[in-house]
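Here the structure comes first, spelled out in structure tokens, and everything after it is commentary.
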Amino acid sequence: MECSHLGLLLLVYCFLHVVLASGSPRNLPIMAFDEGYSQLFGNDNLVVLGDGKSVHLSLDERTGSGFVSQDIYLHGFFSASIKLPAEYTAGVVVAFYMSNGDMFEKNHDEIDFEFLGNIRGKDWRIQTNVYGNGSTSIGREERYNLWFDPSEDFHQYSILWTETQIIFYVDNVPIRELKRTEAMGGDFPSKPMTLYATIWDGSDWATNGGKYRVNYKYAPYISEFSDFVLHGCAVDPINHLAKCDKAQSSEAIPTGVTPVQRIKMESFRKKHMTYSYCYDRVRYKVHPPECVINPQEAERLRVFDPVTFGNGRRHHGKRHHHSRTSQAEAISI
């Protein structure tokens with residue numbers, strides 16, 4: 001009897017290990033680049049590799065580069081494996097994000113992964129951000145270090161966007177959960193968006209508030225993308241009506257953070273988060289209404305250097321090109 005219980009526990013452990021290590025929850029389909037994306041800008045700085053499933057984006061003295069999803073989406077799960085440039089990357093920004101700035105110029109929505117380069121010997125940092133209904137005066141940035149070197153290998157970065165929540169994942173470990181509250185009003189993204197990936201020169205703000213800039217003697221800076229997942233409700237670009245079967249889609253798209261994942265998320269945030277807008281008393285005398293203040297977290301974040309945001313200019317850099325931006329280790333976070 002004891003052996004059977006032990007066997008069951010081992011089976012459950014192995015199952016959880018596989019689920020947590022998987023970069024694509026519930027075996028969502030991975031597509032070739034040209035099945036879901038098109039080049040946005042950059043000419044020869046975007047290269048589709050021979051298998052059609054991987055893409056190189058590069059930044060050099062001439063230009064950056066980027067691609068855009070062929071469809072517009074209202075909610076879903078969106079993911080890609082990304083390998084970042086190595087060595088000196090100060091001022092370089094790689095972005096994997098959703099936006100509708102081309103459709104709603106004055107009241108756009110946005111959900112961002114931004115990867116911020118650094119000087120040699122310093123690690124890449126990740127920034128997440130959310131805008132809704134043109135609320136660019138309220139940046140909802142968070143910044144984190146990682147438990148791995150993102151330039152050594154591919155890692156999966158994912159966004160879950162539903163009517164009530166947004167979750168950011170790294171290697172299927174949730175690192176941030178933003179729940180829609182009544183007090184947020186239109187600040188929660190609620191209009192159809194397109195998915196983008198870009199690499200560009202963010203020298204004015206990305207590294208120590210612009211102290212360290214892109215040095216093009218190290219160019220080209222190459223970011224690699226693969227394992228594309230676009231699993232959401234496609235929307236008609238004219239009437240903005242969703243064309244998917246919501247009941248069917250809900251079975252495949254993750255519904256939120258599981259109890260096991262929540263433990264991982266809390267551990268990640270305690271070890272690796274270096275900034276949260278909720279505790280920035282310089283920018284916000286009164287914290288935004290969705291913030292839940294944790295005194296211990298506030299005290300811990302005080303030890304990190306102040307974050308400079310360049311007066312809100314940073315997000316225009318990745319949008320101005322638009323023509324209409326280890327598994328085993330993950331278990332131990």
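The values are calculated or read from the model by the stated rules, or taken from the named source; none is laboratory data. This structure is a prediction, so every number in the text was calculated from the model and none was measured. Positions of Cβ are backbone-derived with ideal geometry, glycine not excepted, and every protein chain shown enters the neighbour counts. For accessibility, only protein heavy atoms count, side chains too; no ligands or nucleic acids. Shrake-Rupley method; radii C 1.70, N 1.55, O 1.52, S 1.80 Å.
How would you classify the range 149-268 from its alpha-carbon gyration tensor, with a ≥ b ≥ c the square roots of the eigenvalues: rounded for a/c under 1.5, else prolate if a/b is greater than b/c, otherwise oblate?
Values: a/c = 1.76, a/b = 1.52, b/c = 1.16.
The shape class here is prolate.
Highest mean first, what order results for 168-179, 146-157 on Cβ atoms within 10 Å?
Values: 168-179: 20.9, 146-157: 17.2.
The packing order, highest mean first, is 168-179, 146-157.
Could you report the accessible area of Thr194 in Å², rounded to 10, computed with a 1.4 Å probe on the protein chains as they sit in the structure?
It works out to around 10 Å².
Past 21 Å, Cα to Cα, is the threshold; run Lys106/Lys179; Lys122/Lys271; Lys122/Lys211; Lys179/Lys270 against it and keep the listed order. Write out the running numbers ahead of the final one.
On the way: Lys106/Lys179 24 Å; Lys122/Lys271 17 Å; Lys122/Lys211 14 Å; Lys179/Lys270 19 Å.
Correct reply: Lys106/Lys179.
Quick one: Kirkwood hydrodynamic radius for the range 62-183, alpha-carbon pairs, angstrom, one decimal?
Working: mean 1/r = 0.0644 Å⁻¹.
When all Cα pairs of the range 62-183 are included, the Kirkwood radius is 15.5 Å.
Write down Rg/Rh for the range 174-230, rounded to two decimals, with Rg from the C-alpha atoms and Rh from the Kirkwood relation over Cα pairs. List each step's numbers first, then the result.
On the way: Rg = 17.3 Å, Rh = 15.7 Å.
Using Cα coordinates only, the ratio equals 1.10.
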